[in-house]
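The values are calculated or read from the model by the stated rules, or taken from the named source; none is laboratory data. If you're wondering where the values come from, they're calculated on a predicted model, not measured in any experiment. Cβ sites come from the backbone with ideal geometry, for glycine too, and all protein chains shown count toward neighbours.
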Amino acid sequence: MLTSDEATFRRLVEPHRRELQLHCYRILGSVQDAEDMLQETLLSAWRGLEGFKGEASLRSWLYSIATNRCLNALRARSRRPRETPMPPPGTGFAEPTRLTESVWVEPYPDALLEEDPSVDPEARYDARESIELAFVVALQHLPPRQRAVLVLRDVLGFRASEVAATLETSESAVNSALHRARTALEAARGDRGNAPAPQSAAERDVVGRFADAFVSGDLQALVGLLTDDALLTMPPEPFEFRGRADISRFFATVPAGGDLERFRLVPTRANGQPAFGCYLRDPQSARSHAYGLMVLTLDGDAIARITGFPDTSVFPSFGLPRTISD
């Protein structure tokens with residue numbers, strides 16, 4: 001049973017819980033890691049409550065704790081040995097357009113994005129833009145401190161002095177890191193394109209035609225929905241397939257050996273974008289099993305990016321079952 005102090009603490013921090021979790025996600029790129037850091041942040045705040053002197057707002061204090069917890073987690077992550085996965089020889093895996101840096105990132109369920117209050121109206125990036133998958137992926141390419149500075153300054157609108165206090169550095173160091181981060185981020189993101197409004201008729205039309213083409217195995221119709229320089233990626237795999245020809249070869253050889261008609265697609269949303277839970281039919285059991293999550297980035301009435309996530313452990317976060325009946 002909660003004591004009065006515990007109840008007061010929870011009442012004070014509850015309005016900030018959702019935005020703090022989203023903040024941790026932007027820095028870490030993982031929903032589960034973000035939830036872990038949120039819990040560590042709240043525990044640390046509870047233990048250090050007596051030391052909170054009120055010189056900054058409670059919200060700023062919580063963000064300071066969360067940011068430093070995330071940076072500690074990134075330092076621990078960087079000490080883990082990394083392996084660059086390669087397709088097994090002789091598997092018929094389509095040759096990628098190029099190999100790139102392996103980046104760990106997970107999709108973020110739209111159900112957790114409701115009424116996000118964390119983005120300042122005067123910030124450089126608006127609420128929708130700051131959670132888009134391309135933005136989050138680009139963030140993961142930045143060094144950790146640059147990543148934190150950019151999120152705190154350009155997404156959340158904290159002053160340089162506040163960020164300097166959080167990171168225990170100077171304002172000039174913060175401004176220098178911010179300049180480098182902005183330059184690198186814009187180069188990594190590329191052109192945002194002109195996506196239709198979320199859940200608009202225009203968006204539903206493109207997404208519906210993609211789903212129909214996919215599950216009917218109509219590769220010609222599928223690639224016809226892509227922009228000329230469309231990109232297909234599968235984080236954390238370091239493979240990139242760019243353009244209609246290479247993406248067509250991928251779909252013709254990799255998912256279920258190119259037998260796309262074995263798939264069932266269940267619509268969902270991730271990072272403010274249309275997405276699908278992908279299930280592969282098992283002809284022996286008359287059931288379909290979780291295969292991966294696929295997120296679409298639209299540009300007008302075309303698809304500019306397909307991001308596949310083969311890790312099905314994210315399905316529960318989206319309310320998606322592990323298996324479905326055919």
Return only the number of the condition from (1) modelled with pLDDT under 95; (2) exposed (fewer than 14 other Cβ atoms within 10 Å of the Cβ) that residue 179 does not satisfy.
-> (1)
Would you mention how many residues in segment 47-61 are touching a residue at least 40 places away in the same chain (Cβ under 8 Å) and either within 18 Å of residue 24 (Cβ to Cβ) or among the charged types (D, E, K, R) (or both)?
-> 3
Scanning segment 273-291 residue by residue, those touching a Phe, Trp or Tyr at 6+ places or on another chain (Cβ under 9 Å) and either buried (at least 19 other Cβ atoms within 10 Å of the Cβ) or assigned to a helix (DSSP H, G or I) (or both) turn out to be 274, 275, 276, 277, 278, 279, 281, 288, 290, 291
What number of residues within segment 243-263 are buried (at least 17 other Cβ atoms within 10 Å of the Cβ) and outside any helix (DSSP H, G or I)?
-> 2
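Take segment 219-242 and flag every residue that is in a helix (DSSP H, G or I) and surrounded by fewer than 17 Cβ atoms within 10 Å (Cβ to Cβ).
220, 221, 224
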Checking residue 130 against (1) modelled with pLDDT of 85 or more; (2) over 30 Å from residue 157 (Cβ atoms), which single condition isn't satisfied?
-> (2)
